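Report on the structure given below.
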Amino acid sequence: MTTFATTDAIRFEGPDSTNTLAFKAYDKDRAVLGKPMAAWLRLAAAYGPAVTWPGKDIFGDGTLPRPWLGPGQEKAEAKCTAAFDFFARLGVPYFTVLDLDAMAEPSSLAEHQANLGRIADTIAAKIEATGVKLLWGGANLYEHPRFAAGAATNPDPDVFAYAAAQVRFMLDTTHRLGGEAYTVFSHREGYDTLLNTDLKAELDHLGRFLAMVVEHKHRIGFKGPILIEPKPFEPLKAQYGRDVVTVFAFLQRYDLLKDVKVSVEVNNATLAGLDFEHEIASALILNVLGSIDVNRGDPRTAWNTAQFPHNALDLTPAMVLLLQAGGLTTGGFNIDARIRRQSVDPNDLVVAHVAAIDVVAKALLAAEKVVTGRRLAGLKAARYAGWKEELGQAIATGAFTLDTLANLAITRKLDPKPVSGHQELAEAIVADQ
Ligand code: CO
């Protein structure tokens with residue numbers, strides 16, 4: 001039944017290999033700045049996009065050969081086997097999963113709990129057998145019609161309670177499966193029109209919901225962070241967690257910074273009109289970086305196309321920041337990407353992941369060269385050198401008031417001239433690797 005059992009385990013064959021089912025750059029044990037590549041990247045494949053998504057879009061039904069899709073426990077078990085055959089052959093250390101990606105579809109909340117428990121038994125056995133670990137789990141609080149007006153931000157408190165039940169089940173399950181983080185999905189937390197939306201009430205309810213999740217996490221002794229994936233829009237016109245800084249402000253307002261971090265996705269960053277490296281830099285500065293989704297969008301489509309990364313240069317600037325920061329402390333690089341609807345060859349999914357992992361590895365190797373070359377760091381240090389000198393230090397430490405500083409500027413007859421930012425040089429240093 002599974003289409004992946006026939007695929008040999010993916011191995012590293014080096015840059016000269018022409019085998020599409022081998023790694024050319026991802027060599028998991030290779031040391032990068034003293035740490036194995038695998039430890040920097042903590043790669044994860046995503047259960048839902050890999051084996052549950054049937055290849056449907058808003059204009060048409062599923063196209064992909066997924067014989068394990070369908071109602072009932074037997075199909076769910078077959079799907080789980082396909083998923084772990086795939087993860088194990090790919091050789092990724094982690095997977096990510098949402099409740100409904102894996103379990104048999106329930107017809108009631110009680111059945112939801114029972115079905116989730118049943119598939120969790122199977123997943124636990126697969127984790128044990130393959131050694132592929134759970135990076136994070138989450139609950140699908142967006143697909144069912146009951147969540148059309150949101151989950152935690154729904155005007156109906158019954159929906160809030162239903163979502164709370166789903167999250168409690170899945171947080172417990174994630175804990176049981178040894179998951180390292182828990183993601184609260186907020187795809188329906190936002191609005192299509194403010195005319196019918198009580199913005200303050202919805203934000204307060206979302207804050208309450210997350211506070212309850214955090215309280216439960218501590219109650220059961222779950223050590224990992226709770227993650228939120230910033231996303232500006234789509235499916236909604238406006239989503240409350242539009243980008244990293246917006247989520248940070250939300251977490252600060254509702255006193256959640258100690259337990260909740262962000263999962264930065266390349267595609268969501270670009271949809272928000274921001275560079276991926278901007279989102280990584282912001283998350284690092286604000287100390288909220290929890291994990292990364294490495295799927296990208298299409299530069300000409302204002303839509304989350306969730307494609308596999310195909311250009312290392314798109315990821316290198318962010319990777320430089322990560323290397324300089326010492327890497328991720330939680331989470332990993334989750335390949336939350338979907339093959340295209342025409343990719344009906346069973347190998348397409350494997351080829352896509354292998355190529356994506358190589359792109360991420362190439363970005364890591366390029367970033368290593370940038371960091372060890374020290375030219376970019378030198379350029380930046382030279383640019384801000386004045387702040388290390390007397391005047392800069394005095395301003396930064398608060399030795400001046402606006403008045404005394406103005407007087408100094410007048411007395412010294414300051415007349416600063418433009419200095420080159422060397423942007424093209426900086427870009428050349430990164431592109432050169
Ligand atoms: Co994502």
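Brief remarks follow.
- The residues of the stretch 193-215 that are closer than 13 Å to Pro155 by Cα and of a type in the set (Ser, Thr, Tyr) amount to a single one, Thr197.
- Across the stretch 163-187, the number of residues qualifying as of a type outside the set (A, V, I, L, M) and either free of Cβ contacts under 8 Å to residues at least 12 places away in the same chain or in a strand (DSSP E or B) (or both) comes to 2.
- Residue count, the stretch 301-354 (criterion: closer than 24 Å to Leu236 by Cα and among the small types (Gly, Ala, Ser)): 3
- When residues in the stretch 254-286 are screened for being within 16 Å of the ligand (Cβ to nearest atom) and farther than 20 Å from Leu43 by Cβ, 4 of them pass.
A quick yes/no check of all residues on (1) more than 37 Å from the chain's Cα centre (by Cα); (2) without any contact (Cβ under 8 Å) to a residue 12 or more places away in the chain; (3) not in a helix (DSSP H, G or I):
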{"position": "Ala394", "(1), (2), (3)": "yes, yes, no"}
{"position": "Ala399", "(1), (2), (3)": "yes, yes, yes"}
{"position": "Thr404", "(1), (2), (3)": "yes, yes, no"}
{"position": "Ala409", "(1), (2), (3)": "yes, yes, no"}
{"position": "Leu414", "(1), (2), (3)": "yes, yes, yes"}
{"position": "Pro418", "(1), (2), (3)": "yes, yes, yes"}
{"position": "Gly421", "(1), (2), (3)": "no, no, yes"}
{"position": "Leu425", "(1), (2), (3)": "no, no, no"}
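- Among the residues of the stretch 182-203, those identified as modelled with pLDDT of 95 or more, crowded, with 21+ Cβ neighbours inside 10 Å and touching a helix residue (DSSP H, G or I) at 6+ places or on another chain (Cβ under 8 Å) are Tyr182, Val184, Arg188, Glu189.
- Scope the stretch 314-339; condition away from the ligand (no atom under 16 Å from the Cβ), over 16 Å from Pro93 (Cβ atoms) and touching a residue at least 60 places away in the same chain (Cβ under 8 Å); matching residues: Thr316, Pro317, Val320, Leu322, Leu323
- Qualifying residue in the stretch 356-371 (condition: surrounded by 20 or more Cβ atoms within 10 Å (Cβ to Cβ), within 16 Å of the ligand (Cβ to nearest atom) and within 25 Å of Arg11 (Cβ to Cβ)): yes
- Test for Leu289: is it away from the ligand (no atom under 16 Å from the Cβ) and either touching a residue at least 24 places away in the same chain (Cβ under 8 Å) or touching a Phe, Trp or Tyr at 6+ places or on another chain (Cβ under 6 Å) (or both): no
- Scan of the stretch 219-233 for residues that are more than 23 Å from Tyr142 (Cα to Cα) and either within 16 Å of the ligand (Cβ to nearest atom) or touching a Phe, Trp or Tyr at 6+ places or on another chain (Cβ under 9 Å) (or both), ordered by number: Phe222, Gly224
- Any hit, the stretch 202-218, residues being within 16 Å of the chain's Cα centre (by Cα), of a type outside the set (Asp, Glu) and more than 16 Å from the ligand (Cβ to nearest atom): no
The values are calculated or read from the model by the stated rules, or taken from the named source; none is laboratory data. Note that the structure is predicted; figures quoted are calculated from it, not measured. No Cβ is skipped: glycine too gets one built from the backbone with ideal geometry, and neighbour counts run over all protein chains shown.
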